[in-house]
1. Rounded to the nearest 10 Å², what accessible area does B:Tyr407 show when all protein chains are kept and the probe is 1.4 Å?
2. Given the protein chains as shown and a 1.4 Å probe, how many square angstrom of B:Leu309 are accessible, to the nearest 10?
3. List the residues whose amide H sits under 5 Å from the amide H of B:Glu218, counting only those 5 or more places along or on another chain, with H placed 1.01 Å from N in the peptide plane.
4. Starting from a Cα-only point model with no solvent, please compute log10 I(q)/I(0) by Debye for the range B:366-449 at q = 0.14, 0.23, 0.24 1/Å.
5. Let me have the relative contact order for the range B:264-374, percent, based on Cα pairs under 8 Å that are six or more residues apart.
6. Measure nothing but the geometry: give the 0 to 90° angle between the long axis through the Cα atoms of B:363-415 and the longest principal axis through the Cα atoms of chain B, rounded to 10°.
7. Apply the Karplus curve 6.51 cos²θ - 1.76 cosθ + 1.60, θ = phi - 60°, to the phi angles in the range B:510-522 and return the couplings in whole Hz, x for Gly and Pro.
8. If you roll a 1.4 Å probe over chain B with all protein chains in place, what percent of the accessible area is carbon or sulfur?
Amino acid sequence: MTKIEGLDCILLVDDDNATNYYHNLVITHSGVDTHVQIATNAQQALDFLKNEGEFACKSTFPKPGLILLDINMPGMSGWDFMSQYKFLPEYQKGKIVVAMLTTSLNPDDERRALENKEIFQLINKPLTEEKLLETLKEGFLK
Amino acid sequence: MDFSLVEQVEDYAVFVLDSKGHILNWNRGASFLLGYECSKIIGQTINVLLPPGNDGFDARCIILEDSKSTGKSIYEGWFIPENGIKVWVSLSVSLIKDSDCNLICICHKIDSPNRRNSEISPLKDGLDTLFAYWDRDGVCKFASRAYKDWYGWTSDDLEGKVKLSEMLGNTYHNNVGYIEAALRGETQVVKGQALLHSGDVRDMVTYYQPDYKNSVVEGFFVQTFDVTEYNNMKQDVELQFENIKKSDEKHRKMISEIRDYAIIFLDLNGYVENWNFGAEKTTGYKAEEVVGQHFSMFYPDELVRKGRLRELLLQAAEEGSAYYEGVHLKKDGDFFQGGVLLTAIRDDSNCLTGFFTITRDLSDQKRTEELLEFSLKSLESKNKELEQFIYIASHDLQEPLRTISSYTAIIEKRSLQQMDEISKMGIKFITEASLRMKDLIKGLLDYGRLGLNAELREIYSHDIVSAVCQDLNASISEAKASIRFDHLPKIQGYETEFRLLMQNLLGNALKFRKKDVAAEISISAVSKGNVWQFSIRDNGIGIKPEFKSKIFTIFQRLNGRDDYEGTGIGLAHCKKIVDLHKGEIWVESELGEGAEFVFTISKNLN
């Protein structure tokens with residue numbers, strides 16, 4: 001198990017349980033030592049970052065190193081999440097945000113992700129060990 | 001007949017017609033009276049001179065037919081000279097013997113009946129004209145009654161007895177100059193004013209006309225007219241004419257600036273009098289090239305040959321306006337599709353004075369229509385393709401999906417016991433995902449099929465809602481829901497689709513209820529003009545306003561599957577069904593405040 005500095009927690013935001021389960025498996029298999037937090041909708045993810053709602057009892061902010069954000073979610077989409085996320089104070093934000101796209105079916109989403117300064121990278125689903133390690137290398141080890 | 005005899009005659013218009021009304025000869029008098037030079041008129045028919053419409057037709061009959069049957073006829077009525085200002089003429093027509101039924105017409109201008117009655121009237125308070133004859137010695141030989149009355153004499157006193165100097169008394173020396181000139185043989189015309197017994201001041205004109213016998217002036221006639229009314233009228237006419245000229249100029253200027261329509265003024269016979277900028281733009285001709293030309297120059301020869309233009313002018317003259325749509329010619333030889341409206345212009349006394357035409361280039365419109373038709377056709381075929389595509393894709397997707405579901409089922413059955421936690425989860429996810437995919441494909445398939453082979457019929461929406469409630473009985477009791485509706489109308493629609501629409505909306509109202517509150521759903525319908533407007537209102541979780549339009553998109557879901565199951569296709573179905581019924585669907589809601597789905601069904605679906 002490798003511990004990476006600044007990566008105490010990875011926040012997975014996806015409405016699909018199978019995807020979350022799979023991404024959690026990928027992270028475990030990659031040997032990275034970190035806590036994995038799962039949010040099945042954007043609101044839950046924001047609540048987690050702000051210690052609100054079901055996470056209200058916590059006193060310290062989790063400040064995840066990496067947020068893997070699904071764009072296409074029912075109700076509040078990844079974009080809706082980002083539009084609220086950008087108003088969070090720095091200590092509540094994650095270190096880096098990576099947008100997860102269901103292949104590149106929608107070129108508009110790809111363009112939007114590239115234009116958004118808060119988004120570090122975009123990755124096509126599903127996450128693989130190689131992609132994860134590459135992202136971590138660029139985001140944390142450089 | 002030797003026409004040269006009358007060729008130079010100026011006092012009378014003389015011309016010769018052939019039996020069909022073509023003008024064969026035309027003398028100087030005719031040119032004076034009617035404007036046209038010989039070269040312009042010979043070969044044309046008498047119609048050119050006649051007013052359009054019934055008047056012209058009647059005139060033609062009198063001139064051509066009556067004279068042929070009786071050898072002679074007289075026509076009194078309007079003629080239209082070249083300048084378009086009509087004149088009232090007396091025309092005598094005689095058949096020329098030993099010819100091919102040629103007719104000789106002798107014509108002169110006379111006062112029109114209106115004019116004869118009103119323009120120069122005799123003195124208002126006299127019974128007759130002021131008229132008298134005085135001889136060289138100043139003795140009255142004859143005086144009209146009015147004349148005597150005017151000067152206050154009776155018949156017996158005046159004639160043969162009283163001398164002019166006596167009668168005129170103090171005023172004699174005012175008139176002596178004219179009297180002496182008349183006796184010298186010079187005609188005198190004197191304008192002046194006279195005070196009547198009544199106190200009125202009238203404008204008068206007096207003529208002194210010498211009476212010659214064997215070159216010796218024997219005496220003179222004196223005749224006095226009251227021209228007050230004539231003068232008034234003249235002033236009036238001049239004033240009106242000025243006004244007309246002013247407003248005419250204004251109108252003409254306005255019209256000449258109009259660019260999008262060609263507006264052309266024509267005289268009675270279709271010759272161009274005025275030409276606006278729009279006409280220049282449309283046809284390419286400049287005003288100086290067309291004014292004075294016949295408007296047939298803008299139309300194909302064939303149309304002219306068929307007499308269509310003449311017909312249009314006649315129709316406009318009789319009915320007020322006429323319309324033609326078709327080919328118009330341009331100066332450069334090109335043509336365009338245009339619509340032209342001919343409108344008759346009449347003066348205050350309802351006399352036809354000419355026409356104006358408004359022409360619009362319809363090429364763009366026609367092109368747009370063609371393009372639209374083309375787009376519509378390609379859209380239709382694209383739609384068909386799309387339906388086909390959805391159908392085939394859905395079918396073909398089901399094949400591998402069946403393989404996945406079947407084999408996961410076998411693996412689950414045979415080896416679940418030997419599996420570790422992760423594999424078990426894997427199998428669980430695969431099973432769930434395949435089921436969901438099956439639902440999605442079915443939804444897609446249904447979506448593609450919606451409205452296919454649907455039959456329009458009378459449907460009793462009340463019965464349909466009752467039946468849907470029966471179907472949803474289980475969900476209704478589970479939600480402890482109360483559903484209210486009464487007197488839903490009979491409508492025209494597609495029954496299967498309408499039922500699916502109601503099922504989806506009611507199903508949603510039940511599904512998206514607040515977990516701890518009994519569901520209350522009410523369904524109603526009202527007639528609004530051309531549509532029936534249905535409403536399904538619930539007290540459920542409601543929808544955030546920003547999602548109001550998003551929810552009708554296919555596969556769009558607002559909630560996680562853990563909370564509310566579904567494929568996100570139901571409202572897309574609803575939208576398509578409402579589209580099929582030429583209606584609209586929308587939602588009124590606030591988050592947490594319940595939702596009201598409203599849709600309309602057109603009453604004119606046939």
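1. For B:Tyr407, the solvent-accessible surface is approximately 140 Å².
2. 10 Å²
3. Those qualifying (amide H under 5 Å, at least 5 residues apart or on another chain) are B:Asp211, B:Tyr212, B:Lys213.
4. For the range B:366-449 at q = 0.14, 0.23, 0.24 Å⁻¹, log10 I(q)/I(0) is -0.63, -1.01, -1.05.
5. Numbers: 181 pairs, mean separation 27.2, N = 111.
Over the range B:264-374, the number comes to 25 percent.
6. Once rounded, the angle reads 0 degrees.
7. In residue order, the calculated couplings are 6, 5, 8, 7, 6, 4, 9, 10, 5, 6, 10, 10, 10 Hz.
8. Details: 17920 of 35170 Å².
So the carbon and sulfur contribution to the accessible surface is 51 percent.
The values are calculated or read from the model by the stated rules, or taken from the named source; none is laboratory data. Computed from a predicted model, the values in this text were never measured in an experiment. Cβ sites come from the backbone with ideal geometry, for glycine too, and all protein chains shown count toward neighbours. Note: accessible area is taken over every heavy atom of the protein model, side chains too, but ligands, DNA and RNA are not part of it. Shrake-Rupley method; radii C 1.70, N 1.55, O 1.52, S 1.80 Å.
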